[in-house]
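Working notes, beginning with the structure itself.
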Amino acid sequence: MIKSMTGFGLGTKESAKAKYTVEIKSLNSKYLELSLKLPKTFSEKELFLRNECTKLIERGKVNITVNVEYADAAAKAATIDGGLLKNYYHQLKAIATDLGDPTENIFELALNLPEVISYAEEAADEEEWQDLLDTFYLALEKFQQFRSDEGKVLKDDLFKRNQIILELLLTVESQEVARIPLIRERISNYMEEAVGGENVDKNRFEQELIFYIDKLDITEEKVRLRSHCEYFGKILTAPDANGKKLGFISQEMGREINTLGSKANNAQIQQTVVQMKEELEKIKEQLLNIL
């Protein structure tokens, strides 16, 4: 199943003790880049949540924010060390005055210095952890659904562009019919003008012409390109997430298209090859967002 790496999921749950909110957002990335923000009371569970994300999210630049609003806010409130705050404040103000710098933001700066604000180190109990875990999986379910819905749109677009390349390949085959006779005629006319028709060794000319035309043969490239396109379409409908595999196939498609263009020696075919390249570039852009 094709999934987008872009996703969003929001899960909430309320209990007698607290309201739990988990928000998951992701963007494109070759690997899993995970940023997880947890309340201190659940810090010991961070490794478990990271392992779950690695297993279930797989890839993407992912930001997960966990918020807990306790019904008894005073029980979980932060404590401000007033003496330490004053000490920091006066020192920073004296330094700023000495340097001639503005002092408007000194209080905010002092408030964010180490150990000015402390939180209760009480760990969450099993009931709280289960509520948080339920909320996490709910957000993850919505996140995965978002990815799947986006993936369907991407899949349709990729399938359409892949079919366009196959149709353009049929156009190349129809254009190729007149290609070899034109090459033969052009070389023959050149030889007659250069040395005269009576001075051309017909047998040697035919041998050299066959050798030259053989170098311009694009049969293998057409067969391989069609094979790659058909395989690309097959992988699009596979049950697994295959963004990387589709990327590898698109690279092979690009090689065959480039070779077609370089060997074509025909203006019409080269124009068709340019159209193929345009579609392939659009495919590659979309694949950057495929899981």
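Write down, largest first, the equivalent ellipsoid semi-axes of region 91-150 in whole Å, where each equals the square root of 5 times an eigenvalue of the alpha-carbon gyration tensor.
Sorted largest first and rounded, they come to 45, 21, 5 Å.
Sorted by accessible area with a 1.4 angstrom probe, largest first, how do Arg255, Arg179, Arg161, Arg224 fall?
Descending accessible area places them as Arg255, Arg224, Arg161, Arg179.
Please report how far the C-alpha centroid of region 254-291 lies from that of region 96-167, rounded to the nearest whole angstrom.
38
If you rank Phe143, Phe8 by how much accessible surface each has, with a 1.4 Å probe, what is the order from largest down?
Numbers: Phe143 0, Phe8 80 Å².
The most accessible residue leads, giving Phe8, Phe143.
Let me cross-check Ile80: its accessible surface, 1.4 Å probe, with only protein heavy atoms counted, in Å² to the nearest 10?
Accessible area of Ile80: about 100 Å².
Rounded, prolate or oblate: which fits region 1-45 when a ≥ b ≥ c are the square roots of the eigenvalues of the alpha-carbon gyration tensor, with rounded for a/c under 1.5 and prolate only if a/b beats b/c?
It comes out oblate by the Cα gyration axes.
Round to the nearest 0.05 the FRET efficiency obtained for Arg255 and Ser29 when R0 = 22 Å and r is the Cβ-Cβ distance.
The computed FRET efficiency comes out at 0.25.
Jot down the radius of gyration and Dmax of region 1-154, Cα atoms only, both in angstrom.
According to the Cα coordinates of region 1-154, Rg and Dmax are 20.4, 64 Å.
Can you give the log10 of the normalised intensity I(q)/I(0) at q = 0.16, 0.19, 0.28 Å⁻¹, computed with Debye over equal Cα scatterers of region 235-291?
-0.54, -0.69, -1.07
Could you sort out which of Lys30/Lys263; Lys3/Lys40; Lys234/Lys284; Lys160/Lys263; Lys155/Lys245 sit more than 23 Å apart by Cα distance in this structure?
Working: Lys30/Lys263 34 Å; Lys3/Lys40 33 Å; Lys234/Lys284 17 Å; Lys160/Lys263 27 Å; Lys155/Lys245 14 Å.
Exceeds cut-off: Lys30/Lys263; Lys3/Lys40; Lys160/Lys263.
Of Lys13/Lys37; Lys152/Lys244; Lys19/Lys55; Lys61/Lys93, which ones are farther than 29 Å apart at the Cα?
Lys61/Lys93
Taking 7 Å along the Cα-to-C-beta vector as the label spot, tell me the Ser174-Thr65 distance in nanometres, rounded to one decimal.
5.6
The values are calculated or read from the model by the stated rules, or taken from the named source; none is laboratory data. Bear in mind that the values here come from a model prediction, so they are computed numbers and not experimental data. All Cβ positions, glycine included, derive from the backbone under ideal geometry; neighbour counts span all protein chains shown. All accessible areas refer to the heavy atoms of the entire protein, side chains included, with ligands and DNA or RNA removed. Shrake-Rupley method; radii C 1.70, N 1.55, O 1.52, S 1.80 Å.
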